[in-house]
Structures are given as C-alpha cells and as structure tokens.
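J.: This structure is in structure tokens; I'll ask about it shortly.
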Amino acid sequence: MGDEGASGEGAAANLSISERLRAAREARGVDLFRVERDTKIRMKYLAAMEQGDFAELPADVYARGFLRNYASYLGLDPDEAESEWRRGNIAPVKPPVKTPPVKTPPVKTPVKMPVKMPPVKPRVVPVDGAAASGRLSGFKLPSVKWSPFRAADAAPAAPKPAPTAPRPVPSDPSILESPPWKRLSFSPGIGAFFHKRDENGVVEPVIGGPQPIAMPGRSLVLQPIHVVLLLLAVVIVAVLLFFSNQAARVLQNPTLTVTSPAGGLENVPVGSTSYMLEGKSTPKAEINISWDLRAPTHTQADASGNWSYSVPLHSGNNQFDISSTDLETTHDSATVTRIINVLTPTASPVTSFLSVDSPTDGEGFVNGNITVSGTTVAVTSVTVTVTYLGPAPSSLPTPTPVKTAGAIPTAQATIMPPPTATPLSLPTPTPKPTPTSSSNPAPVQVIPQIDGKFSAQVQLSSGRWKLTVVGTTADGITTAPVVRNVIVTAGSLVVMLQVRGGDALMRIWQDGKVMGSYNNTVVHNGANIKIVANQSVWFYANWPNHVLVTVNGVSFGRLTTGHTATSWRITAFEAPTPSNDR
C-alpha cells in the first residue's frame, strides 16, 4: 500500500500544471461548458490552460487570475499552481523599462527562481585572487587557470521551459500611467486586481484589486432588423391615427349654422312671398327645413358645406325649423329655429272668425291620425284640445249633419292686422306631442296660412273623443270654441318599424302581448314590420339606431343615434318614449 501511494504521488508530481488541471476536471466529471458557467471564464481560455498554451491568454495579470480561479474551482492549491506556472516561465514578456545605470550592483542574495539573464562577456579572474573569493562567497573555483563567470553556475539547474510567444503589450499607455491603486473595472470571474508603481517607476499589477480592462468604444450599427422594426412602428402609428380619425368622425354629430337670417326673428317687407335661407353645415350633409311644423323639405350642402334654399312666406310669422343629417353616419344636428315675419299694412280692425271644416261631429275613424282643418279671419294661432270620453262602441254610428258656424263675413276686409313688434309668446309646437295625462294627449297649436286656412294633426287611440278648436288673435282675444265629437275604432294605432343600416335583435309587444315570433328575433337590414294595435306598441332593440319609426303616418326617424340597447313604448297620442313598461 505504501508503495502504491508513493508511486501515485510521484506520478502526480511528474504531471505539468496543464495536465493536472485537466485530470482534476475529469475526476470531478464536469465539462468545459459547466466550468465556464460556474467560473465565468471563457471556454477558450480554459482549454488553453489545460493544453498548456498560455500564449492564448490575455496579459500576465489575467493569466494569473484565470489560473488561480480555475485551480481553486478544481480543489487544487492556487499558490502551488501559480508557482509551478512561474517555474515553467510561461509568463508574458513585459515591455522593457529603462532603468538608471548602476555602477557595480553586488550580487548578495542567491537567485531563488530562474530568470533570463542578458548575455555577458566572460570576465577573467585569477584562480587564487582574493577579490574573486570575496565576490563569489562559498563558491569553489575549478582547478583551472582561467574560467569565465556564469550566473547559471550560481543556481541549481531548472527544467527548460517551453518556448512561449511574447505577451501582447497594451496599446494604450494610459493604463500603465494611471494613478496607483486606481480601480478601473471589476471582473467577478477571476477576482479583483490593483496596479502599483515600484521604486523604479515600473507599474506592476497586484492581486486583490480591481482588474484594469480597456473597454473598446461602442458605436451604433443599424441592422436590418432595426429597419423592419422602425417600418412596423410607422405602420402601427398610421393605422392608429386612421382608425382614431374614423371613430371621431363616426361619433361626431354634423354641424349646422344659419347665416341668413342671422337672428331668431327677422322682419321682411309687406307682400314678401319668399326668402332665401342660407348657412353652413358638414360637407355633403342633408339639410332638413320644416315650415310651420309641416313635413320637412330637403336640400344638400356642397363640398364646402355651404347651402341655400328658397322658402315660401305668408303674412305674419313664418317658423322654420332647420337641421342637418350626415348621410354616412345618419347622425342629426341640433335643430335651429328661425322666424321670418312678413309685415302687413295697417287696416281697420276686423272681427275674428273660426270655422272647422273637418272632421264633422260624430264622425268615425279607423285610423287614429285625424286631420283638423278649417278657416280663420284675424286669427294668428289655432289650438286643438282633445278630451277622452270613453271606449268606442261596437259599431260606428251614422254621422249627423253639422251646422256650420256661419258664412265668412264679406263686408269686412280679410287682411290680417299687423303683428305686434315682439314675437308671440307661444309654446313651441312639435310634431311629436307628449301626453299631459294618462288619458288625454297634449293640445296641438298651429299657425294659419296667409289666406286663413289652417290644418292640424292629432293622434288618437281607440275610443270616443271631443275636439275643441279655438282661435287666438294678435291681441290675445280668443274666438268662440268649435267642438267636434269623433269615434276611433279598434286597431287605430298603426306603427311601422324599418330596419336600416344593419341587423337588430328585437322584441315586439302588441297591446301588452308578444307579437308573433318577435321575441329576441334577429331582424335583418332592409326589413319592414307593420304593427296594428288598439292601445300601445312596445319594442326592444339592441341596436336602436338601426330602427326607423313611423306612427300613424308620422315619421319619427331614428329614435336615437346611440348603440345602447333600449326599449320604447308607443301610443296613438304620444311620441315614442323610452320605457320598460310593456
């Protein structure tokens, strides 16, 4: 056993430091990839140290650090590894340093490690000279008469190191000229190093401080992937801007301004029969102009948004309600009202007069959309009040003749008196009347034409109704009321639902019951649904802006421009109102 151990130790002693490193790594069962990951030393430097090719390592300071770190990782003595490496004379060659000349440097200390000495000329000394024995203390001269002095004779012979390539010298002299102990950088893989300057001005690296690393300057290099990413970013920004612009355009309502007349009321000369309305709106928008609450007429703005339209006038006040519709988004603008007053000549006062031509007293209707028309004199407005009397009979009675209120007086002038300087304080009429109670619709007010004729629309549900018609003069004097009793039979509420602009999921209730199969049914674009009811119609749509509504011939258009699901309730005498009550 003792012989085997001795032979093993001797074999290990005969191995070089490179072979010992490789043997220790293989004994641990790890490869160079694992060592590189653990020690942070690049694999090519690890392989160079195992192959004994220390010329591939960086400068001397890196070589010592790599060797000590790698030896410690493999469980070897780093000091012994460094000493063996030094004995192998593998260290990089340092640049020559100019030193001051020395007269005769005495050699007093023995040489501990082999060094390369510059060639010297042989010096002849006497064999028995006292100076020779004084200079070479303890050294016995050979028994020859003359002998040259050789430094190699002063030290034991050392193994001849393998020839190595000279180590590269840093090209940047500032590294060597940096102040002592200045930390330049730190490399955790091989430890930290410092620099110090010795007494002769030579800069030497010292183990234990930060390692100086000359960092090369970095410049921006444009790669093809950078160009692709830049183009992709430009495309994404362009797409986002496009869709943002489209979304803002779709959600924005059209604009409308009326420049002529600029104010809410404008007086025009006596006998004026027309007026040119002018304004500006969203380009290509449709302009809707309603005269005295009649069905609107339409014109279109040009590419610049300018529009104009010639409207007829009658004596007195002419009310025009103007709005615009974007044909692409179907959004409507706010309504702008203008009143044009046609002045009338001064005339002698006339007696006010009102007669009703239609409907006749006791007349029956199967459609709740009833027209009240007649003739007036010296009347500036006509009001129709509706009162519910009870349910309709099973059958319509025969209408009885109605006595007229008398012929229109002819002895007096029919020219209407001039209006007051200020506009009439009348409630704003609307084609969508709202109920004042649960049984009676709101009164309807209209303005007679220049010839005294008037026409008003009332919407009634099934039942018996009383219509009271009263005229009002410019001075606030009312005429005698004219009463008409009418009967509206069952099925008088007719509602048309038109789906335009896209599909809609709908539910429809007719007089409180589900209508047919319209219960969460998808109704496709272009469909028309006709509903005939006695009292009410209720419908729900998930896209209400796709549904156009007409009640007894009166078009309400799209009830909303939003996309939120909404339900609506419709009766014969009230406008469609949002409601969950079926």
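J.: Could you list all residues from segment 552-573 that are buried (at least 19 other Cβ atoms within 10 Å of the Cβ) and closer than 15 Å to Asp511 by Cα?
T.: Trp568, Ile570, Thr571, Ala572, Phe573, listed by residue number.
J.: Could you list, in sequence order, the residues of segment 237-270 that are small (Gly, Ala, Ser) and in the same structural domain as Ala303 (by TED's automatic domain parsing)?
T.: Ser260, Ala262, Gly263, Gly264 - these are the residues of segment 237-270 that are small (Gly, Ala, Ser) and in the same structural domain as Ala303 (by TED's automatic domain parsing).
J.: Evaluate the following for Ser244: is it at pLDDT below 95, closer than 30 Å to Gln449 by Cβ and among the small types (Gly, Ala, Ser)?
T.: For Ser244, the condition - at pLDDT below 95, closer than 30 Å to Gln449 by Cβ and among the small types (Gly, Ala, Ser) - is not met.
J.: Scan segment 498-516 and report the pairs whose first residue is more than 14 Å from Tyr540 (Cβ to Cβ) and whose second residue is at pLDDT 90 or above and of a type in the set (Gly, Ala, Ser), with Cβ atoms within less than 8 Å and a gap of 6+ or a chain change.
T.: Gln498/Ala527; Arg500/Gly526
J.: Next up: Among the residues of segment 423-442, are any modelled with pLDDT of 85 or more and either out of contact with any helix residue (DSSP H, G or I) (no Cβ under 7 Å at 6 or more places or on another chain) or part of a loop (DSSP other than H, G, I, E, B) (or both)?
T.: Yes.
Here is a yes/no grid of residues against (1) under 22 Å from Val372 (Cβ atoms); (2) among the polar types (S, T, N, Q); (3) outside any strand (DSSP E or B):
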site	(1), (2), (3)
Leu467	yes, no, no
Gly471	yes, no, no
Val486	yes, no, no
Gln498	no, yes, no
Arg507	no, no, no
Gly516	no, no, no
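J.: Give the residue, chosen from Thr383, Thr371, that is at pLDDT 85 or above, surrounded by 13 or more Cβ atoms within 10 Å (Cβ to Cβ) and assigned to a strand (DSSP E or B).
T.: Checking each option against the conditions leaves just Thr383.
The values are calculated or read from the model by the stated rules, or taken from the named source; none is laboratory data. If you're wondering where the values come from, they're calculated on a predicted model, not measured in any experiment. Here Cβ is always computed from backbone atoms with ideal geometry, including for glycine, and neighbour counts include all displayed protein chains.
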